[in-house]
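This report concerns only the one structure given below.
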Amino acid sequence: MTTMDNKKITQDTLLQGETDPLTSTPVHLLNLDKVGKHYGNIIALRDVTMAVDAGRVTCVLGDNGAGKSTLIKIIAGLHQHDEGTFTILGEDRKLSSPREALDSGIAAVYQDLAVVSLMPIWRNFFLGSELTTGVGPFKRLDVERMKQITKKELQDMGIDLRDVEQPIGQLSGGERQCVAIARAVHFGAKVLILDEPTAALGVKQSGVVLRYILQARDRGLGVIFITHNPHHAYPVGDRFLLLKRGKSIGYYNKKDITLEELTAQMAGGAELAELAHELEALGGHKDVVAEVEAEVEATESRRA
Amino acid sequence: MTMTATAPVTDERVGKKSTLSKILGRPEIGALVGAVALFIFFAAVAPVFLQPASIATVLYGASTIGIMAVGVSLLMIGGEFDLSTGVAVISSALMASLFSWYFSMNVWVGVALALVMSLGVGFINGWILIKTQLPSFIVTLATFLMLTGLNLGLTRAIGGSVSTPSISNMDGFDSAKAIFASSVNIAGVEVKITVFIWIAMVAVASWILLRTRVGNWIFASGGDSNAARAVGVPVVKTKIGLFMAVGFCAWVLGMHNLFAFATVQSGEGIGNEFLYIIAAVIGGCLLTGGYGSAIGGAIGAFIFGMANKGIVYAEWNPDWFKFFLGLMLLLATIVNLVVKRRAEQK
Amino acid sequence: MSHKLSWRKLAAAAVVVPALALTACSSSGGRTPEAANEGGGGAIASTERINVALITHAAPGDTFWDIVRKGAEEASAKDNVELQYLSDPEGGRQAQLVEQAIDQGVDGIAVTLAKPDALAGALKKAEDAGIPVVSLNAGEDRSAELGAITHFGSNEKLAGEAVGDRLATEGYKHPICVIQEQGHVGLENRCAGVKAKVPDTEVLYVQGTDMTQVESTVTAKLQATKAADVVIGLGAPFTLTILKSISGAGSDAKVASFDMNAELAQKIVDGEILFTVDQQPWLQGYGAVDALWLNKRGGFEIGGGQPVLTGPTIVDQKSAEQVLQFAEEGVR
């Protein structure tokens, strides 16, 4: 039993008394094994292995073009993989539409696509899954109930809104993400995919969103948190998948990696060091080599 | 899970919204204020404007714009445009008239066939739009031109003239006229039936828009079709359905034209598509979609009716009418823009 | 899936409706089989076949021009002329049509001069190319100057004055002249002609492309102007719509008209419309083509440098009976 107050999020509080999450359930909620995808002769993704469990956060890290979006599209049912296996609760699946993914309990919250900004919050909350009352041609929206539920669900996530009738565009970026997350939770999502939820946000708003991620996790959801920022991923993540140019370059449990290592991997520290060696071997100018080496060090210390 | 909620996150910068500003946030408010102002204005300068019979005339003039504006408003909220509406009305009337006349059939057969055709034109508009991903401006501009040509060409080919032969002495004409083009006597004032059809259509459209799932989908499809698709809204069906709804409105108005005048000039209707769009825009529908109301479109049509007839009642030089129409459109669009900016404020 | 369903519905409707239709024939009205009246019937001229272009400023779908065209077609049939009919309401584009006809090397051009200045350049080219030109319908005052052999038409102002005279003698004081196209010179002239004879004439502008707006605007005018005792429509379809406005407004104003069609002739016979001024558009089309043929045949020039007037002819209840039959044929 943990109590979330406004304590600082640290690795220690998260992993207190935890065993290896991989062994806590007999089957994973989601499991990808050597999954690959190509568009024509362009390989967008290959050899990706990862797992998602209830009450755990799996972070997918990578720079632009690393294959993150291809990966989530496969999981969210927008694309299908060509190689490897994708299992949901141990069952081999290929999802053909977002609807099918939703029916399997996988909900995606996209950074830009989360909401229709001109529509009221409650309409957004129930968009596509509206509650109705009445029969036949008199079937109508159950407006009051939807407003109540919206208000309550948001309150449970820690957002108190006076007016769920206001256009969602008037909310802050973090709050909008929260509405989308609350919505997914309400509609019975077991797996929540968050696509760069912090990318467009400032420091404070990012903190708010990270807190919602933990709330969702503590409600027993499996969370896939996609980001390019290890500083956002490390505090909340339980597992980390690193992607580069469509390939997995590492898959770690939290106990096996430190923030520094994660950052170094992300920043391509090894690559830079390699470049320095190469330059030296080629007999390049000393000052250039020194510059690259300085850059390697600077990156690491800056990130640390 | 036994977690207590974290402290509520509120933004101290968001002030409390007063009831007044809530009312001011409605899409049709600008149009409503304009309509009231215009009404008072004409009532003051032309007392005859206030006669019940005059109001019935204004309402009739407004209804023939308003019936189409219902469909056009919904379509615009759904994020699309239709430039073929003006001629589609005439196409529908021509279809019913020429078919019945050529095969010497009960006019109701032509009426039914015209409905099928109008819905079909709407379906094709929507379907091409979805399949090609072209802007609706281009697709419906093409439909507009094709329908214009078909109207002229087929009418001459079938009827031998540019206007259809009169069908007033054919079977079913009287019953169809009773439904589409009769008048209802209310306390001594003859009110055209189109006024009631119009009001009924606005009511149904408002209900659909605000109180049904489909309405939610229309707003979402127009507001952000990608987001809507991502949460499972059937955007394709919604948009095609909207074009078909516009087709239905064109059919209703086309049947009125046919049974009110018994003949149809094949060159009519061109240019009216802009009046319908103007009514919808003055009524607060955003050109970019996702915002607006059916009532707004109705008020827009009413404003048009008032301005159009008010100038006659006031016995003014009509040379300036188009200028004021343009000015009104500009003002309405600016108001809408301000509203949208406010709604999107972060 | 949904598409298929919709298609199926459409297909079903396409099959079911005509099937229903077969059992739903109208007992009256509708098309009379083989009613089409191929005009002419007389012998065809033995002259060599020539090409004539008839280029008007007609807006698509205007009934009036149908009759002009029919007259031209009948003259072509008789005179062994290959007729090419073209039209564009915009002056510049009408001029382009004239130039195209010149490029094609036609043997004669019949053209309406609604916008004489726009056409002056093109007509000069025709003159230089030695192609005879006849003008019709509009522009009789500029016709000779622009090099046309002659002009077939009715003076709009005169026609208006004829209506005004007739109304004045019948004791009407307050006519409303309904113009269906704002800024149209010919229509303005008609109303000006009426006003010249009946000073209290008022002009009302309506949107001619929408009959429902025509009807409601005229109704509004009648409600506002109780003194109005006669309403003048400037085209047959508009006059017929004005009749509805009058009953809608509960007014007892009478109706007079310009131009003609079968239904209008019938209404005159029935006494619902006082009279109409016919400018005999069929004659304009016929005369223009025939004049070009005559010019080709023997270098004839009709009219002696003066316009040939095809109107105004007033058709009232007395003469309407006789005209009606021709109107049904689409000749009047």
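The values are calculated or read from the model by the stated rules, or taken from the named source; none is laboratory data. Please read these numbers as outputs of a predicted model, since none were measured by experiment. Note: ideal-geometry Cβ built from the backbone for every residue, glycine included; neighbour counts use all protein chains shown.
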(request) Take the stretch B:94-126 and flag every residue that is assigned to a helix (DSSP H, G or I), out of contact with any Phe, Trp or Tyr (no Cβ under 7 Å at 6 or more places or on another chain), at the interface with chain C (Cβ under 10 Å from one of its Cβ atoms) and closer than 21 Å to residue B:162 by Cα. (result) B:98, B:99, B:100, B:101, B:102, B:117
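Let me confirm something: among C:296, C:267, C:318, which residue is of a type in the set (Lys, Arg) and touching a residue at least 60 places away in the same chain (Cβ under 8 Å)?
Working: C:267 fails: touching a residue at least 60 places away in the same chain (Cβ under 8 Å); C:318 fails: touching a residue at least 60 places away in the same chain (Cβ under 8 Å).
After ruling out the rest, the residue left standing is C:296.
Okay, residues lined up against (1) within 23 Å of residue B:321 (Cα to Cα); (2) under 16 Å from the mean Cα position of the chain (by Cα); (3) surrounded by 18 or more Cβ atoms within 10 Å (Cβ to Cβ):
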{"site": "C:145", "(1), (2), (3)": "no, no, no"}
{"site": "C:159", "(1), (2), (3)": "no, yes, yes"}
{"site": "C:171", "(1), (2), (3)": "no, no, no"}
{"site": "C:177", "(1), (2), (3)": "yes, no, yes"}
{"site": "C:187", "(1), (2), (3)": "yes, yes, yes"}
{"site": "C:194", "(1), (2), (3)": "no, no, yes"}
{"site": "C:206", "(1), (2), (3)": "yes, no, yes"}
{"site": "C:238", "(1), (2), (3)": "yes, yes, yes"}
{"site": "C:245", "(1), (2), (3)": "yes, no, yes"}
(message) If residue A:93 meets every condition in (1) away from chain B (no Cβ under 14 Å); (2) surrounded by fewer than 23 Cβ atoms within 10 Å (Cβ to Cβ); (3) in contact (Cβ under 8 Å) with a residue 12 or more places away in the chain; (4) not aromatic (Phe, Trp, Tyr) apart from one, which number is that one?
(response) (3)
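Restricting attention to the stretch B:93-102, does a residue exist that is at pLDDT 90 or above, out of contact with any strand residue (DSSP E or B) (no Cβ under 6 Å at 6 or more places or on another chain) and surrounded by fewer than 22 Cβ atoms within 10 Å (Cβ to Cβ)?
Within the stretch B:93-102 (the criterion being at pLDDT 90 or above, out of contact with any strand residue (DSSP E or B) (no Cβ under 6 Å at 6 or more places or on another chain) and surrounded by fewer than 22 Cβ atoms within 10 Å (Cβ to Cβ)), the answer is yes, since at least one residue qualifies.
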(request) Confirm whether residue B:322 is within 14 Å of chain C (Cβ to nearest Cβ), assigned to a helix (DSSP H, G or I) and buried (at least 24 other Cβ atoms within 10 Å of the Cβ). (result) no
(request) Look at residue B:312 and say whether it is of a type in the set (A, V, I, L, M, F, W, C), in contact with a strand residue (DSSP E or B) (Cβ under 9 Å, 6 or more places away or on another chain) and crowded, with 22+ Cβ neighbours inside 10 Å. (result) yes
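Among B:207, B:217, B:251, which is the only one that is at the interface with chain A (Cβ under 10 Å from one of its Cβ atoms), assigned to a helix (DSSP H, G or I) and within 18 Å of residue B:67 (Cα to Cα)? Walk me through it before giving the result.
Numbers: B:217 fails: within 18 Å of residue B:67 (Cα to Cα); B:251 fails: at the interface with chain A (Cβ under 10 Å from one of its Cβ atoms).
Within the list B:207, B:217, B:251, the selection yields B:207.
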(message) Of everything in the stretch B:130-167, what is within 11 Å of chain C (Cβ to nearest Cβ) and either surrounded by fewer than 15 Cβ atoms within 10 Å (Cβ to Cβ) or touching a Lys or Arg at 6+ places or on another chain (Cβ under 7 Å) (or both)? Give them in sequence order.
(response) B:130, B:131, B:149, B:153, B:162
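Kindly indicate whether residue A:250 is closer than 26 Å to residue A:98 by Cβ, surrounded by fewer than 19 Cβ atoms within 10 Å (Cβ to Cβ) and assigned by TED's automatic domain parsing to the domain that holds residue A:118.
Numbers: closer than 26 Å to residue A:98 by Cβ: no; surrounded by fewer than 19 Cβ atoms within 10 Å (Cβ to Cβ): yes; assigned by TED's automatic domain parsing to the domain that holds residue A:118: yes.
For residue A:250, the condition - closer than 26 Å to residue A:98 by Cβ, surrounded by fewer than 19 Cβ atoms within 10 Å (Cβ to Cβ) and assigned by TED's automatic domain parsing to the domain that holds residue A:118 - is not met.
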(request) Please determine, by comparing only the residues of the stretch C:193-227 that are of a type in the set (A, V, I, L, M) and over 26 Å from residue B:181 (Cα atoms), which one is farthest from the other protein chains (Cβ to nearest Cβ). (result) C:196
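Here are some residues: C:162, C:144. Which one is over 18 Å from residue C:254 (Cα atoms), in contact (Cβ under 8 Å) with a residue 12 or more places away in the chain and of a type in the set (Gly, Ala, Ser)?
Working: C:162 fails: over 18 Å from residue C:254 (Cα atoms).
Testing whether each residue is over 18 Å from residue C:254 (Cα atoms), in contact (Cβ under 8 Å) with a residue 12 or more places away in the chain and of a type in the set (Gly, Ala, Ser) leaves just C:144.
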(request) For the stretch A:182-203, indicate whether the set of residues that are free of Cβ contacts under 8 Å to residues at least 12 places away in the same chain and farther than 22 Å from residue A:120 by Cα is non-empty. (result) yes
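Quick one: count up the residues across the stretch B:92-124 that are polar (S, T, N, Q) and within 28 Å of residue B:215 (Cβ to Cβ). Even if it seems obvious, please write down each step before you answer.
At the first step, the residues of the stretch B:92-124 found to be polar (S, T, N, Q) are B:92, B:97, B:100, B:104, B:106, B:118.
Still in the list and also within 28 Å of residue B:215 (Cβ to Cβ): B:92, B:118.
Going through the stretch B:92-124 one residue at a time, the tally reaches 2.
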(message) Looking at C:276, C:239 in this structure, which one is within 14 Å of chain B (Cβ to nearest Cβ) and of a type in the set (Val, Ile, Thr)?
(response) C:239
(message) Just to be sure before I move on: is residue B:174 more than 10 Å from chain C (Cβ to nearest Cβ), over 19 Å from the mean Cα position of the chain (by Cα) and surrounded by 19 or more Cβ atoms within 10 Å (Cβ to Cβ) in the structure I sent?
(response) no
(request) Could you list, in sequence order, all residues of the stretch C:167-221 that are farther than 29 Å from residue B:148 by Cα and either charged (D, E, K, R) or in the same structural domain as residue C:57 (by TED's automatic domain parsing) (or both)? (result) C:170, C:173, C:190, C:195, C:197, C:200, C:202, C:221
